[in-house]
Amino acid sequence: MRLLVIEDQEQTAKLLRRGLNEAGYLVDVCCDGVDGLGKAKSAAYDLLILDIMLPKLDGWGILAGLRETDRETPVLVLTARESIDDRVRGLSLGADDYLIKPFSFDELLARVRALLRRRSSSQTGITKIDDFSFDPMRLTVCRGGVSIDLTVKEVQLLELLVRHQGDVLSRDFIAEHVWQMSLDSESNVIDVAIARLRKKLDDPFERKLVHTVKGRGYVFR
């Protein structure tokens with residue numbers, strides 16, 4: 001599952017990204033409202049975590065702008081604005097939940113999971129190709145009826161490949177979206193991760209799903 005965090009406080013953004021990554025989610029972070037609304041509208045996210053007091057465009061503006069075209073993506077407002085009027089305003093503009101700072105990460109994670117479960121009741125999100133099935137909500141992968149045990153990073157890598165099925169993903173793109181890092185030209189981190197994923201997902205089976213495109217990157221098909 002891919003989440004977007006729109007938060008201008010660096011420490012809070014780091015905490016959210018680290019904790020949500022460890023819980024198995026892919027996380028993008030924006031630190032201002034204009035960039036955040038642009039990303040929310042241009043990419044497919046399963047859930048947004050949104051601060052209200054943001055530079056350039058506040059959270060109210062983001063909610064209003066997003067709901068003009070997207071009424072489905074869940075939005076969890078995470079803010080220090082705690083008045084009843086603010087809570088009513090956020091929910092009226094289209095937020096699905098409202099959590100006050102300071103907050104417990106465990107509570108936030110529980111709310112995120114509840115919102116994603118609610119959404120998945122109408123959208124299973126399960127990918128099936130011949131003998132392969134992947135459920136990003138339950139973090140389960142099967143081939144030939146056999147469950148495949150993947151690490152959190154392997155699940156995130158697989159989900160990224162599946163989301164972009166048929167598209168060639170560069171090593172830089174994979175590094176940015178799964179590891180949130182810029183790739184050194186000499187690094188083989190991505191190649192090693194792909195090799196480990198293939199060993200579990202492809203090696204025991206005749207049909208291969210993860211392919212190398214020489215000089216460009218990797219593709220799932």
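We did not get these values from a lab; they are worked out from the coordinates using the rules stated. As the structure is a computational prediction, the values presented were derived from the model and not from experiment. Don't worry about glycine lacking a Cβ; one is built from the backbone with ideal geometry, like all the others, and counts go over all protein chains shown.
At a glance:
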read-out: Gain upon complete extension [residue 205, residue 99; 0.36 nm per residue less C-alpha separation]; value: 33.6 nm
read-out: Relative contact order for the chain, counting Cα pairs under 8 Å that sit 6 or more residues apart, in percent; value: 14 percent
read-out: Antiparallel bridge percentage (DSSP; both residues within region 46-186; nearest 5); value: 55 percent
read-out: P(r) weight above 18 Å for region 2-120, C-alpha pairs, percent; value: 44 percent
read-out: Estimated Rh, region 127-220: Kirkwood, alpha-carbon pairs, angstrom; value: 13.6 Å
read-out: The chain: most fluctuating residue of 181, 137, 53 per GNM, C-alpha cutoff 10 Å; value: 181
read-out: Under 18 Å from residue 41, Cα to Cα: aspartates and glutamates that are on another chain or at least 8 residues apart; value: 7, 28, 32, 51, 58, 68, 70, 72, 96
read-out: Filter on 128/214; 101/128; 14/56; 128/199 - keep pairs with C-alpha separation over 31 Å; value: 101/128
read-out: GNM flexibility winner over the chain from 28, 85, 96 (Cα, springs under 10 Å); value: 85
read-out: Base-10 log of normalised Debye intensity for the chain (one unit scatterer per alpha-carbon) at q = 0.14, 0.16 Å⁻¹; value: -0.90, -1.11
read-out: Charge sum, other residues only, whose C-beta stays under 11 Å from residue 221's C-beta, Lys/Arg counted +1 and Asp/Glu -1; value: +1
read-out: Candidates 148, 52, 174: whichever shows maximal mean-square fluctuation once the chain is modelled as a Gaussian network with Cα springs under 10 Å; value: 148
read-out: Extension gain (nm, one decimal) between residue 18 and residue 35, 0.36 nm per residue minus Cα-Cα; value: 4.0 nm
read-out: FRET efficiency estimate (nearest 0.05) - Cβ-Cβ, residue 149 to residue 128, R0 22 angstrom; value: 0.70
read-out: Per-pair calculated FRET efficiency, R0 = 41 Å: residue 70 and residue 212 via Cβ, rounded to 0.05; value: 0.70
